[in-house]
Structures are given as C-alpha cells and as structure tokens.
Amino acid sequence: SDAKRSAHELDFDSLTFREGSHTMTNKKCELPDQSWRAMKPGYEEVHVPAVRSVAPPDEKLVPIADLPEWTHDAFKGMTMLNRVQSKMADVALRSSENVLLCAPTGAGKTNVAMLSILNILAQYRKERADDMMNEDESGKASKHEGTLDLSAFKIIYVAPMKALVQEVVKNFSKRLGPYGIQVRELSGDSSLTRQQISETQ
C-alpha cells in the first residue's frame, strides 16, 4: 500500500541548471525601431511600438452601400465595414453556416453579430417587403413597419458581464428600432414577464 512505501529524498541541487537562468541561446536581443527605454527607480521600462498590420493590396473593404438596401438603417453613420467585418460579411449575412469569430477587443465583433441578426431578419421578411418600404410612410413609425413577421423568431445574444449586456441592449435597441425589434435584458438581476418575453424578439 501507499502508506507502507518508504519516503524518497529528492536532491533539488542536482536538478538545477548549471548556468542558472542564463540559458537563452540568443546572445543579442534587438528591439524594433522607435522603441525606447525609461530608467525608473528600481526598474527599467521598455516601450515597444504596436505592430501595424498592413492590408494586402488585393483585399477590399465592403461598403455599406453594397449591402442590401433594407439593412442600411442598422449601420447608420458607417460608410464601410472594417477588415474583420468585410471578411465575415458574406458568411454572416448571406449563409446559415455556424460562425466562430475570435478577434481582439475593438475589432468589430458586435457588427458581425449585427450582420448575423440581419440574416435572421431576412428569413422573416414578407414577400412584398421591398414594395412596402417604398410606399407612403405617412402614419408609419418607420419604412420597415409591417415588413417583418416579428412573432416568428427570437434572437438571443449572450454576454459575459452585466455591464456589457446593458451596453449591447442600448446599442441594438437603437440600431434595430427602425425594424420594430424589441431588445430586452434578461439576467440574474432582471426578469421578464411572459408578456414581455412574447413581445421581445
């Protein structure tokens, strides 16, 4: 049994590297251009400029004008998708493929999610939706009113933090408002009635 096994001594001194921590094979380390050092009491700061990615010459950004006309209200104030969004535009907006997008903060993942949401809306647009958009808007809340079957779908956006949930609700409510979409928060701190869930897309 384990209890009867004799204890073994481990000699840590024999396991250490002879040269200590000085085992780097690089004898010379060069910093990129425009790097600079700042000596501080007890330590040294090394400032290295951020790497700037250069877009390949054949890479094209997708103008908002190239997206279907009915989607433009969700991108008000924007003229062009960025590099990440442009690469994802076709699969997010025009296909039903599953998407896993890993990108840094600020890379534009929320707009890719918006493209996916618009993909769902496209599936529930009524047959005469384009004609209805061009009709007289008097008495209508927006030109999209009546173009979607709002009772036929639900969209769930999952966020890791409550503060982010509130930010997304505010953002999506403003951008999806013209389509008649109701966006609501459902978290541990807030609950929805059955009627509110029914009225929410």
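At a glance:
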{"quantity": "Residue 174/residue 110 FRET efficiency (R0 22 Å; Cβ-Cβ; nearest 0.05)", "calculated": "0.95"}
{"quantity": "Greater than 30 Å apart at Cα, pairs in 28/87; 76/154; 28/109; 40/162", "calculated": "28/87; 28/109; 40/162"}
{"quantity": "Label-point separation, residue 119 to residue 102 (7 Å along Cα→Cβ), nm", "calculated": "2.0 nm"}
{"quantity": "For residue 172, solvent-accessible area (1.4 Å; no DNA, RNA or ligand), Å²", "calculated": "10 Å²"}
{"quantity": "Point-to-point label distance, residue 10-residue 82, nm (Cα→Cβ direction, 7 Å offset)", "calculated": "4.7 nm"}
{"quantity": "Förster radius 41 Å - calculated FRET efficiency between residue 30 and residue 167, Cβ distance, rounded to 0.05", "calculated": "0.45"}
{"quantity": "Additional length obtainable on full extension of the chain from residue 151 to residue 95, 0.36 nm per residue less Cα span", "calculated": "17.9 nm"}
{"quantity": "Dimensions in Å of the range 74-121 - Rg and Dmax from alpha carbons", "calculated": "10.2, 28"}
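The values are calculated or read from the model by the stated rules, or taken from the named source; none is laboratory data. Everything numeric in this text was worked out from a predicted model, so none of it was measured. All Cβ positions, even for glycine, are placed from backbone atoms using ideal geometry, and neighbour counts span all protein chains on display. In case anyone asks, the SASA skips ligands and DNA or RNA and just uses the protein heavy atoms, side chains included. Shrake-Rupley method; radii C 1.70, N 1.55, O 1.52, S 1.80 Å.
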